[in-house]
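The values are calculated or read from the model by the stated rules, or taken from the named source; none is laboratory data. Keep in mind the model is a prediction, meaning the values are calculated, not measured. Here the Cβ positions follow ideal geometry from the backbone for every residue, glycine too, while neighbour counts run over all protein chains shown.
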Amino acid sequence: MRRKRTAILISGRGSNMDALIAAARTPDFPAEIVLVASNRPDAPGLARAKAAGFAVAAVDHKIYAGREEFERSLHMVLETHRVELVCLAGFMRLFTPWFIGQWRGRLLNIHPALLPAYRGLHTHERALADGVKIHGCTVHFVVPEMDEGPIVAQAAVPVLDDDTPESLGARVLAQEHVIYPAALRLAASDALRIEGNRVLGARMDSDSALVAPAII
Ligand code: GRF
């Protein structure tokens with residue numbers, strides 16, 4: 001089986017990047033990480049990827065006059081590396097409909113909440129303030145609307161009495177590191193069908209992370 005040429009886009013720490021890279025090292029994984037790119041040249045994850053021997057690119061959004069100019073450069077870099085799938089992993093730029101049009105159905109994002117709840121930032125603080133008992137994370141295909149788009153995988157975590165945004169966020173992050181590789185595996189193996197807002201074909205094997213990723 002030919003492995004899908006996959007890029008990871010980051011803006012910072014890159015712990016989800018690490019999880020995707022680790023998963024892609026397993027021999028039967030259907031995606032190969034061919035590029036790590038960042039809009040922030042000083043992103044810690046970018047230095048780590050470079051040190052690990054991956055092709056890296058910094059496309060600094062600040063030097064471009066507008067969003068689309070930045071995206072055209074980024075797109076060119078992705079094309080140069082013959083990228084087929086893109087994983088946003090803590091990539092803190094919103095894309096224009098132009099970029100999303102180029103990558104529709106091939107662009108995944110991870111969000112630290114159970115979408116469609118808590119789109120946007122500060123999800124853990126907001127979940128605690130609302131008193132919800134279950135929180136979590138979502139991997140979805142990207143559409144022009146922020147934090148919307150067909151959902152590939154979700155994991156739930158319980159909210160505990162003594163949780164702080166940090167402790168809750170850490171528990172959610174641990175699940176992000178489980179479901180993102182699982183979702184990439186599905187997307188890269190062409191197992192998925194997008195119908196409207198639904199992703200079909202994400203079959204849940206008994207040993208899959210998608211069955212019971214967390215204890216509720
Ligand atoms: C994660 O919580 C992810 O869900 C959000 O940004 C954070 C990135 O963390 N989109 P990392 O850079 O992957 O460690």
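When the residues of the stretch 116-146 are filtered to those that are buried (at least 17 other Cβ atoms within 10 Å of the Cβ) and closer than 22 Å to Ala188 by Cα, the one that is farthest from the chain's Cα centre (by Cα) is Val143.
Taken together, the residues in the stretch 2-15 that are under 9 Å from Ala89 (Cβ atoms) and more than 16 Å from the ligand (Cβ to nearest atom) amount to 0.
The residues of the stretch 16-26 that are crowded, with 19+ Cβ neighbours inside 10 Å and either within 7 Å of the ligand (Cβ to nearest atom) or among the acidic types (Asp, Glu) (or both), listed by number, are Asn16, Met17. Does Ala153 satisfy being part of a helix (DSSP H, G or I), surrounded by 22 or more Cβ atoms within 10 Å (Cβ to Cβ), modelled with pLDDT of 95 or more and in contact with a Leu (Cβ under 8 Å, 6 or more places away or on another chain)? Spelling it out, it is not the case that Ala153 is part of a helix (DSSP H, G or I), surrounded by 22 or more Cβ atoms within 10 Å (Cβ to Cβ), modelled with pLDDT of 95 or more and in contact with a Leu (Cβ under 8 Å, 6 or more places away or on another chain).
Acidic (Asp, Glu), within 16 Å of the ligand (Cβ to nearest atom), not assigned by TED's automatic domain parsing to the domain that holds Ser11 and not in a strand (DSSP E or B) - does that describe any residue in the stretch 126-141? Scanning the stretch 126-141, I find no residue that is acidic (Asp, Glu), within 16 Å of the ligand (Cβ to nearest atom), not assigned by TED's automatic domain parsing to the domain that holds Ser11 and not in a strand (DSSP E or B), so the answer is no.
Scoring Phe29 on the criteria (1) within 16 Å of the ligand (Cβ to nearest atom); (2) out of contact with any strand residue (DSSP E or B) (no Cβ under 7 Å at 6 or more places or on another chain); (3) under 22 Å from Ala183 (Cβ atoms) leaves a single failure, condition (1). Count of the stretch 156-189 residues, restricted to those that are without any contact (Cβ under 8 Å) to a residue 60 or more places away in the chain and part of a loop (DSSP other than H, G, I, E, B), is 6. Among the residues examined, Pro158 does not qualify as outside the structural domain of Ala31 (by TED's automatic domain parsing), modelled with pLDDT of 95 or more and closer than 20 Å to Gly14 by Cβ. Give the residue that is nearest to Pro181 (Cα to Cα), with candidates limited to residues of the stretch 32-56 that are away from the ligand (no atom under 16 Å from the Cβ) and touching a residue at least 24 places away in the same chain (Cβ under 8 Å). Selected residue: Glu32.
Scanning the stretch 30-71 for residues that are among the β-branched types (Val, Ile, Thr) and under 15 Å from Met17 (Cα atoms) yields Ile33, Val34, Val36, Val56. Considering the stretch 28-109, there are no qualifying strands (runs of 3 or more DSSP E) wholly inside with 2 or more residues that are surrounded by 15 or more Cβ atoms within 10 Å (Cβ to Cβ) and outside the structural domain of Thr6 (by TED's automatic domain parsing). Of all residues in the stretch 1-13, none that is on the phi > 0 side of the Ramachandran plot has its Cβ atom under 8 Å from the Cβ atom of a residue that is not in a loop (DSSP other than H, G, I, E, B), 6 or more apart or on another chain.
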